[in-house]
Amino acid sequence: MITIVHGSDSISSRKYFLSQKDEKSITFDAESLNPVELNQSLQGSGLFGVSSKIFIENLFTRKGTKSITAVGEILTDNKEAVIFIWADKEIGVKILSSFPKFEFQNFKIPQNIWSFLDGIRPDNPLNVSSFHKTLNETDPEIIFTMIIRQFRLLLGLSESSNNNIDEIKRLAPWQKSKLVRQASLFGVDKLKQIYKMLYKIDKSQKTGKSPLTLVQDIDILMLEI
């Protein structure tokens with residue numbers, strides 16, 4: 001059985017992917033994949049013997065996609081194996097046409113996050129309350145990641161260099177116009193200031209140097225915006 005673990009909520013999909021591992025699991029990085037080793041592991045003749053589960057990462061990155069055909073052929077010949085393949089984005093069915101039968105575990109970002117992000121305004125007392133409503137359905141780590149993304153886009157669209165940012169190039173016209181309107185409420189200087197604040201929060205949380213929880217740090221950020 002092959003399970004594709006993917007979706008816009010990459011944090012939750014990653015947690016699920018890792019939670020499926022056991023002590024006999026073997027993980028392969030598709031960007032440096034040796035097809036022979038993968039095939040041997042599936043057949044139980046590899047260096048680590050029989051594995052109950054095989055995990056494959058980075059198969060849908062630019063470098064990893066070179067291995068899709070080889071992986072598809074190997075998995076077609078080993079239909080009884082338990083395989084988990086993780087992607088940090090949503091994967092379309094057409095991309096997987098070379099694979100045997102598979103299942104999807106699709107982790108989508110809850111809709112209320114988008115409403116919260118689009119509603120962030122300077123000096124808006126509702127920023128905090130809207131953030132806490134979003135917390136009812138989403139982990140703070142996911143919300144924080146999306147806040148960073150939102151302000152990266154807002155800042156990118158406010159500067160002349162925005163045409164060089166791939167993420168902005170992929171936006172639909174209606175998405176761009178909405179973000180441009182939101183960015184105009186802040187101005188470039190304010191957006192740069194907020195982005196620096198986000199960087200400091202991210203760094204202090206990851207290094208364990210912040211005396212506050214992530215929720216408390218976001219609360220303060222929302223108040224200072």
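The values are calculated or read from the model by the stated rules, or taken from the named source; none is laboratory data. The structure presented is a predicted model; accordingly, all values stated were derived computationally and were not measured. We place every Cβ from the backbone using ideal geometry, glycine too, and count neighbours over all the protein chains shown. Note: areas computed on protein heavy atoms with side chains; ligands, DNA, RNA excluded. Shrake-Rupley method; radii C 1.70, N 1.55, O 1.52, S 1.80 Å.
Screening region 13-25 for residues that are open to solvent by less than 70 Å² (accessible area, probe 1.4 Å) and at pLDDT below 90 and picking the one that is farthest from residue 72 (Cα to Cα) gives 22. Taking every residue in region 99-116 that is within 13 Å of residue 7 (Cβ to Cβ) and pairing it with any residue that is open to solvent by 40 Å² or more (accessible area, probe 1.4 Å) and charged (D, E, K, R), at least 6 positions away or on another chain, the pairs with Cβ-Cβ distances below 6 Å are 110/137. Within region 165-191, if we keep just the residues that are charged (D, E, K, R) and open to solvent by 90 Å² or more (accessible area, probe 1.4 Å), the residue that is nearest to the chain's Cα centre (by Cα) turns out to be 170.
Residues in region 63-73 that are open to solvent by 20 Å² or more (accessible area, probe 1.4 Å), under 18 Å from residue 40 (Cβ atoms) and either assigned to a loop (DSSP other than H, G, I, E, B) or at pLDDT below 85 (or both): 73 alone. Total residues in region 74-89 satisfying the condition of being open to solvent by 60 Å² or more (accessible area, probe 1.4 Å) and closer than 17 Å to residue 9 by Cα: the figure is 2. Number of residues in region 106-129 that are within 16 Å of the chain's Cα centre (by Cα), open to solvent by less than 70 Å² (accessible area, probe 1.4 Å) and modelled with pLDDT of 90 or more: the value is 3.
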